[in-house]
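Undergrad: Below you will find the structure I want to go over with you.
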Amino acid sequence: MSITNIGLEHYLTLSAILLSIGVYGLIASNNAFRVLMSIEVILNAVNINFVAFAHYIDPVLVRGQVFSLFIMAIAAAEAAIGLALLLLIYRNRVNINMDSFNVLKW
Amino acid sequence: MEFLASISYISFYLLAAAAIICALGMIFNPNLVRAGFTLIGSFCAVAGIYFLLFANFVAVSQILIYAVGIVLVIVFAVMLCSLRDTASEMPDTESAEGSAIQMRRAAALAVSGGIGYLLISIIRSQNWQLISHLTGAKAHESMIASFASEYTTRIGFEMLGDYLVPFELVSVLLLIVLVGAVILSKKSVN
């Protein structure tokens with residue numbers, strides 16, 4: 001009995017639940033900020049998978065942790081560009097509901 | 001050892017419950033700023049999960065980048081936009097718009113429930129003990145604690161060794177994003 005006997009499948013199940021919550025928020029929410037936050041939740045679920053596999057399957061070269069750090073950097077980039085785009089859209093039309101993004105050129 | 005094992009079980013379930021409840025709170029809280037702050041709770045719980053997996057460096061980066069960096073920037077952007085109309089998150093079934101929102105929620109529930117059911121049934125159908133045995137991780141189980149103290153060192157070697165090109169590409173990407181965000185959000189001259 002070691003300390004780490006929780007088992008890989010518990011982490012994978014947690015990650016699957018968080019992923020489905022994020023997908024629900026991605027589709028259901030009308031507010032663009034909430035869509036951005038849902039994307040962050042989805043990326044977090046992926047990161048849990050990477051770190052759990054790195055610990056349980058590949059404990060010598062922990063490549064999963066390196067990938068999760070790359071994912072964090074790309075998530076930060078995505079959030080910055082997404083927020084800049086949202087502020088630009090908000091400046092042009094005064095709401096940010098997903099329904100009102102149906103015109104590409106105006 | 002039994003005591004330590006039960007401690008790690010309890011803390012795993014507490015952190016997992018906190019992460020799931022805070023993520024649900026992010027989606028269902030009608031106030032966007034409060035939704036952002038509950039998202040911080042979810043990210044901190046996930047950081048605790050990383051600590052349970054001995055991934056200390058990833059956990060600290062999670063708190064620094066996600067919980068503090070990304071979410072606070074999103075919350076500030078929400079405050080800049082000063083949205084009055086958050087009440088539209090609560091649909092009234094009479095209007096056509098409300099029924100469209102309800103339709104979309106039902107579709108979202110179907111899609112996310114389907115994805116979650118599929119993933120969890122796949123996870124439950126595998127024999128994970130066998131898989132970790134095949135990959136040799138089972139043989140190292142007693143040595144995992146000694147590996148775990150080397151994780152941060154390994155990350156440093158990997159980042160400047162095998163993954164040097166992606167590392168540099170990420171730094172170029174961050175520079176591009178910096179310039180792009182400034183150009184996009186700058187007030188136009190006309």
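Where a number appears in this text, it was derived from the coordinates with a stated rule and is not lab data. It should be emphasised that the depicted structure is a prediction, and the values quoted were computed from it without experimental measurement. In this analysis, Cβ positions are derived from the backbone assuming ideal geometry, glycine residues included, and neighbour counts consider all displayed protein chains.
Undergrad: Would you mind working out the magnitude of the charge dipole of the protein assembly as shown relative to its Cα centre, with +1 at each Lys and Arg C-beta and -1 at each Asp and Glu C-beta, to the nearest 20 Debye?
TA: Using Cβ point charges on Lys, Arg, Asp and Glu, the protein assembly as shown gives about 640 debye.
Undergrad: With θ set to phi - 60°, apply the Karplus curve 6.51 cos²θ - 1.76 cosθ + 1.60 along segment B:157-173 and write out the HN-Hα couplings as whole Hz, x wherever there is a Gly or Pro.
TA: Taking θ as phi minus 60°, the curve returns 5, 5, 5, 9, x, 5, 9, 5, 5, x, 4, 5, 5, 5, 5, 5, 4 Hz for segment B:157-173.
Undergrad: Next up: Round to the nearest 0.05 the FRET efficiency obtained for B:TYR9 and A:VAL60 when R0 = 30 Å and r is the Cβ-Cβ distance.
TA: My answer for the efficiency is 0.70.
Undergrad: Now for a different question. Using only Cα positions of segment B:1-74, each an equal point scatterer, no hydration layer, compute I(q)/I(0) via Debye at q = 0.12, 0.14, 0.19 Å⁻¹ and quote the log10 values to two decimals.
TA: -0.35, -0.47, -0.76
Undergrad: I'd like to know how the protein assembly as shown sits against the 2.2 N^0.38 Å rule of thumb: what's its Cα Rg over that expected value?
TA: For the protein assembly as shown, the normalised Cα radius of gyration comes out at 1.09.
Undergrad: Another question, then. Modelled label-to-label distance, A:LEU88 and B:ARG34, 7 Å Cα→beta-carbon offset: nm?
TA: 3.4
Undergrad: Relative to the longest principal axis of chain A, what angle (0 to 90°, nearest 10) does the C-alpha long axis of helix A:63-92 take?
TA: Roughly 10 degrees, rounded to the nearest 10.
Undergrad: Ratio of segment A:22-96's C-alpha Rg to 2.2 N^0.38 Å, to two decimals?
TA: 1.39
Undergrad: Which residues make up the longest stretch of chain A that has no trypsin sites (Lys or Arg not before Pro) in a DSSP loop with at most 15 other Cβ atoms within 10 Å?
TA: A:1-92
Undergrad: Could you give me the ³J(HN,Hα) list for segment B:52-59, computed from phi with Karplus coefficients 6.51, -1.76, 1.60 and θ = phi - 60°, whole Hz, x at Gly and Pro?
TA: Listing the rounded values in order: 5, 8, 6, 8, 5, 5, 5, 5 Hz.
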